[in-house]
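Okay, structure first, notes after.
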Amino acid sequence: MDRSLRVAVLGHVDHGKSTTIGRLLHDTDSLPDGKLAELEAVSKRRGVPLEWSFVLDALQAERDQAVTIDTTRVWFTWKGRRYAIIDAPGHREFVRNMLSGASEADAAVLVVDAIEGIGEQTRRHAHLARLLGLRQLAIVINKLDAVDFDRATFERLAEGARVLLEGLGLSARATIPISARDGDNLVNRSTRAPWYDGPTLIEMLESFENLETPAGGPLRMRVQDVYRLEDRRIAVGRIESGRIAVGDRIALLPSGANATVRTVERWNAPARDDAHVGESIGISFVEPIFVDRGDVVAHLDTAPPLDYGFRTVCFWLSTAPPIVGEYLLAQFGPTVARVRVAAIGEALDTASLADIAEGEVPQYAMVELDLRGRVLLPLDTQTDLPATSRLVLLRDADVVGGGFVQSVASRATNLHPSGHLVTRGERESVHGHRSAVIWMTGLSGAGKSTIAMALERKLFATGHSAFVLDGDNVRAGLNSDLGFAPADRSENLRRVAEVAALFAEAGTIAIVAFISPMEADRELARRACGADFKEVYIATDVATCESRDTKGLYARARSGEVRNFTGVSAPYEAPADADITIETRDRTVEESVDELLAFVKRAIATS
Amino acid sequence: MSHDADLDELEARSVYILREARRCVTPLAMLWSIGKDSTALLWLARKAFFGSVPFPVVQLETEMELPEVYAFRDEIAAQWNLDLRIELCPPEASVDQTLPPASRAAARKTEGLKNLIAHGGYKGVLVGIRRDEQATRAKERVFSPRSFGSDWDVRNQPSEFWNHYATDVPEGTHLRIHPLLHWTEVDIWRYHERENIPFCDLYFARDGKRYRSLGEKNITVPIASNASTIGEIIAELETTREPERAGRVMDHDSEDSFERLRTSGYM
């Protein structure tokens, strides 16, 4: 048996969506015994004519106010095929519920009231249909009995709907004159519109196809969890695209670790050594590699590009607009990233279809956002692979938006420079821990080097491979050609970052202790090191540093002998969002080191 | 086992939901009413977790189930090595007396469930309800947040789209997780048939009657039927015009009895 065709019924509040569905169920002989009698009784109790919508509007508040509050779903069978009809609320405040229902649909029916014409939600829902990629559309012009099935009225509204959809790059397969209440042209052909010879609604539904993710796409599986089973570690997840088979060489993204598929695991199912799109499975690998929730499994030759930044077009659900600089959570299923709103592009009011003043984003607008994370993300675009380009945006725990990746910021990042016959995973398993770049920033005298050296000692003592890069060992050799002018300081940090990235690639924990006062320089370092980069802010205030003044530098800066001294005569841009902030005031070095050590051990744990 | 693309899709989605629940919501428990749906859900949990059910399985006990139900429970619990917990529900006298009589057993279960959550500190409870069973259940989310008093705020349900589920809930609240929401009654039987999942034989006809839905013995009545195989049950469902819960007296006490039960915390 095939799965049901999922059809969302959309349109403005009160245009007759629930009525259309209720009557459709009746006319396809799908209502259970007693339902009609119950509807008659309930309608009578409320003093209204027979209300078909009560089939779906089951909540008291819905029946009392005659509106659908939440999305619902009913099933029926017609000519051997199963249909799941999704009733989506048309009320403005319930758009988020409507999105919940419509996001799963294969096709949509847009209901337009013959008297009121195209309403605010008609436009909004048409927009949403476009964003969601619903391309199988039908329009029904409802309540034509109220205008005696006047052909001119119908044609005027049909034209209005056609123009609306055309403006969105959409078109309807058919526009059907109906009276949902009386059952005209739903299942039974109307005798009151002899001028219409197009399909009935049920004929239209019969022509719609189930949308399936095409087989043959590139492999994508997001890891949900890792289970231990006998001798195997099993990464579980659902295949969102493509096919995976035993023996396949795969990459785990964003780490870029390579591995060979050892087994495809299922419980109490016929054994097969491959799995296809849609299946929830487990896989184990030949190599002992680190795999964690959120990792994307892809084939080496068709892996998605990795980037920090991307542009999304999304439906904005919150009354509070996005703000440049704020952090949101971007969730691609189990893959989650903290992202900063870098820029807000064009916004469109989906009800009036008007452009909005720059910077304003009203609720339910469609808006372009440039988002930027601090770690590399595997990113597919809507054009390349719609299923894996979908994301949900959260602010705290609230869903504030949903949309698709339109483009990635740059495709310059190449995480597979390989050529090495030793993989990073192999190096890490020799060391018994992951590597990382522990980038310590803070004022002169904050305690960076002291903490760094103590940290290195402690890590070494517990069998870890770690090495400190600081001014003393880098400026003496590698960077001996550089001075302290701003350009030289930036170049100094650029080289340190590249070296640190190589240390990490080689399996070593690179501990970097540099003032690195500018956010822009640290951002470049982050890009060079990718997901390995951990920013540690040694937060010691100027007064404390100055009171320590172990090298006498503050005194010399105050006297003007040393110029461009960070914290005195040059700025220090404290990290807004460090991975960890170590407060050193009123604490011993030992306490600060232990706090940082605990953080580092978590960062390099082999899960 | 025959290949059935529709069942494959239903199963894969439920397994995905179960794995999300286990990873993101702890501590977690599952309700088992010992009926066909929650037994299928147990089976899906074994699919998701490769043979074991890695969380407590709770029966909300009213001591009013049919004897066959208890026998089946004990047999399966032993066979599948379940961590079975029995939560005794408070007596009928302690529940809201304005509720119609047949709804009171459900209200007892609601109280039992609230006690379970309070004492066990559970952040999530897996429940085997389906959208097609009952019109208010059709409006549920897969991950449905509940306030401290277990109330269901139907007007303010979170958005839930694509494969994103909101698993973060504030202190003092919990999630009802519904991995079977997208299944229908026929789907459940077809799945039982394909997977050969055991179930209580009260679902089969005896002397021209069978239970289509299992509830407390004083408020559940069998339907007229001669179906004695799953195939016959499926054939019967394909032609029936009776709703599934027609034999559940509590649903028909008054127009809003089920909604009242649900908004105050019933499954």
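Return the residues of region A:29-42 that are surrounded by fewer than 17 Cβ atoms within 10 Å (Cβ to Cβ) and more than 9 Å from chain B (Cβ to nearest Cβ); say none if nothing qualifies.
Listed by number, the residues that qualify are A:Leu36, A:Ala37, A:Glu40.
So, in region A:10-28, exactly how many residues are within 14 Å of chain B (Cβ to nearest Cβ) and within 19 Å of A:Ser103 (Cβ to Cβ)?
Qualifying residue count for the region: 1.
Only one of A:Ile178, A:Ile141 is touching a residue at least 60 places away in the same chain (Cβ under 8 Å) and in contact with a helix residue (DSSP H, G or I) (Cβ under 7 Å, 6 or more places away or on another chain). Can you tell me which?
Every option except A:Ile178 fails the conditions.
Give me a count of the residues in region B:2-39 that are within 13 Å of chain A (Cβ to nearest Cβ), touching a helix residue (DSSP H, G or I) at 6+ places or on another chain (Cβ under 8 Å) and within 20 Å of B:Thr184 (Cβ to Cβ).
Residues in region B:2-39 being within 13 Å of chain A (Cβ to nearest Cβ), touching a helix residue (DSSP H, G or I) at 6+ places or on another chain (Cβ under 8 Å) and within 20 Å of B:Thr184 (Cβ to Cβ): 9 in total.
Using the structure shown, decide if B:Leu261 is in a helix (DSSP H, G or I), in contact with a helix residue (DSSP H, G or I) (Cβ under 7 Å, 6 or more places away or on another chain), within 14 Å of chain A (Cβ to nearest Cβ) and at negative phi.
Answer is yes for this residue.
Determine which member of the set A:Arg233, A:Arg228 is surrounded by fewer than 21 Cβ atoms within 10 Å (Cβ to Cβ), touching a Ser or Thr at 6+ places or on another chain (Cβ under 8 Å), within 13 Å of chain B (Cβ to nearest Cβ) and at pLDDT below 95.
After applying the criteria, what remains is A:Arg233.
Residue by residue through region A:181-199, note down the ones that are in contact with an Asp or Glu (Cβ under 9 Å, 6 or more places away or on another chain) and in contact (Cβ under 8 Å) with a residue 12 or more places away in the chain. Lay out the reasoning, then the answer.
Keep residues of region A:181-199 that are in contact with an Asp or Glu (Cβ under 9 Å, 6 or more places away or on another chain), which gives A:181-184, A:186-188, A:190-193, A:199.
Within region A:181-199, A:Arg181, A:Asp182, A:Gly183, A:Asp184, A:Leu186, A:Val187, A:Asn188, A:Ser190, A:Arg192, A:Ala193, A:Pro199 meet the criteria.
Which of the residues belonging to region A:374-398 are assigned to a loop (DSSP other than H, G, I, E, B) and either more than 13 Å from chain B (Cβ to nearest Cβ) or in contact (Cβ under 8 Å) with a residue 24 or more places away in the chain (or both)? Walk me through how you get there before you give the answer.
Narrowing region A:374-398 to residues assigned to a loop (DSSP other than H, G, I, E, B): A:379-385, A:396-397.
Hits for region A:374-398 are A:Leu379, A:Asp380, A:Thr381, A:Gln382, A:Thr383, A:Asp384, A:Leu385.
Filter region B:138-183 down to residues that are of a type in the set (S, T, N, Q) and either buried (at least 20 other Cβ atoms within 10 Å of the Cβ) or within 8 Å of another protein chain (Cβ to nearest Cβ) (or both), then give me how many there are.
Within region B:138-183, residues that are of a type in the set (S, T, N, Q) and either buried (at least 20 other Cβ atoms within 10 Å of the Cβ) or within 8 Å of another protein chain (Cβ to nearest Cβ) (or both) number 5.
Yes/no matrix, rows are residues, columns are (1) of a type in the set (Asp, Glu); (2) at pLDDT 85 or above; (3) assigned to a loop (DSSP other than H, G, I, E, B):
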position	(1), (2), (3)
A:Arg3	no, no, yes
A:Gly22	no, yes, no
A:His26	no, yes, no
A:Asp33	yes, no, yes
A:Ala37	no, no, no
A:Gly47	no, no, yes
A:Asp57	yes, no, yes
A:Ala61	no, no, no
A:Asp64	yes, no, no
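From the list A:Val95, A:Val140, pick out the single residue that is out of contact with any His (no Cβ under 7 Å at 6 or more places or on another chain), closer than 13 Å to A:Thr350 by Cβ and among the β-branched types (Val, Ile, Thr). Spell out how you get there, then give the answer.
Details: A:Val140 fails: closer than 13 Å to A:Thr350 by Cβ.
Going through A:Val95, A:Val140 in turn, just one is out of contact with any His (no Cβ under 7 Å at 6 or more places or on another chain), closer than 13 Å to A:Thr350 by Cβ and among the β-branched types (Val, Ile, Thr): A:Val95.
Do any strands (runs of 3 or more DSSP E) lying entirely in region B:1-110 carry at least 2 residues that are crowded, with 18+ Cβ neighbours inside 10 Å and either touching a Lys or Arg at 6+ places or on another chain (Cβ under 6 Å) or of a type outside the set (D, E, K, R) (or both), and which ones are they?
Working: elements: B:28-31, B:57-61, B:84-88.
So the answer is B:28-31, B:57-61.
Which residue, of A:Thr263, A:Thr213, A:Thr302, is within 14 Å of another protein chain (Cβ to nearest Cβ), closer than 30 Å to A:Leu369 by Cα and among the polar types (S, T, N, Q)?
Of the residues listed, the single one that is within 14 Å of another protein chain (Cβ to nearest Cβ), closer than 30 Å to A:Leu369 by Cα and among the polar types (S, T, N, Q) is A:Thr213.
Can A:Asp197 be described as surrounded by fewer than 14 Cβ atoms within 10 Å (Cβ to Cβ), charged (D, E, K, R) and more than 14 Å from chain B (Cβ to nearest Cβ)?
yes
Which is in a loop (DSSP other than H, G, I, E, B), surrounded by fewer than 16 Cβ atoms within 10 Å (Cβ to Cβ) and either of a type in the set (A, V, I, L, M, F, W, C) or free of Cβ contacts under 8 Å to residues at least 40 places away in the same chain (or both), of B:Asn218, B:Asn226? Working first, answer last.
Values: B:Asn218 fails: either of a type in the set (A, V, I, L, M, F, W, C) or free of Cβ contacts under 8 Å to residues at least 40 places away in the same chain (or both).
Within the list B:Asn218, B:Asn226, the selection yields B:Asn226.
If you check A:Ala570, A:Ala598, A:Ala528, which single one turns out to be aliphatic (A, V, I, L, M), more than 14 Å from A:Lys448 (Cα to Cα), free of Cβ contacts under 8 Å to residues at least 60 places away in the same chain and in contact with an Asp or Glu (Cβ under 6 Å, 6 or more places away or on another chain)?
A:Ala528
Please go through (1) part of a loop (DSSP other than H, G, I, E, B); (2) without any contact (Cβ under 8 Å) to a residue 40 or more places away in the chain for A:Val264 and return the number of the only condition it doesn't satisfy.
(1)
Checking the structure you have, find out if any residue of region A:107-127 is within 14 Å of chain B (Cβ to nearest Cβ) and either at pLDDT 80 or above or not in a helix (DSSP H, G or I) (or both).
No, every residue in region A:107-127 fails to be within 14 Å of chain B (Cβ to nearest Cβ) and either at pLDDT 80 or above or not in a helix (DSSP H, G or I) (or both).
With the condition kept exactly as written, say whether any residue in region A:201-209 is out of contact with any helix residue (DSSP H, G or I) (no Cβ under 8 Å at 6 or more places or on another chain), crowded, with 18+ Cβ neighbours inside 10 Å, farther than 18 Å from A:Leu24 by Cβ and modelled with pLDDT of 95 or more.
Within region A:201-209, not a single residue is out of contact with any helix residue (DSSP H, G or I) (no Cβ under 8 Å at 6 or more places or on another chain), crowded, with 18+ Cβ neighbours inside 10 Å, farther than 18 Å from A:Leu24 by Cβ and modelled with pLDDT of 95 or more.
Go through B:Thr239, B:Thr167, B:Thr173, B:Thr229 for me and flag whichever is in contact with a Pro (Cβ under 7 Å, 6 or more places away or on another chain), at pLDDT 80 or above and β-branched (Val, Ile, Thr).
Among B:Thr239, B:Thr167, B:Thr173, B:Thr229, only B:Thr173 is in contact with a Pro (Cβ under 7 Å, 6 or more places away or on another chain), at pLDDT 80 or above and β-branched (Val, Ile, Thr).
The values are calculated or read from the model by the stated rules, or taken from the named source; none is laboratory data. On a predicted model such as this, the values are computed, not experimentally measured, just so you know. When we count neighbours, we look across all protein chains shown, and the Cβ atoms used for this are built from the backbone with ideal geometry, even at glycine.
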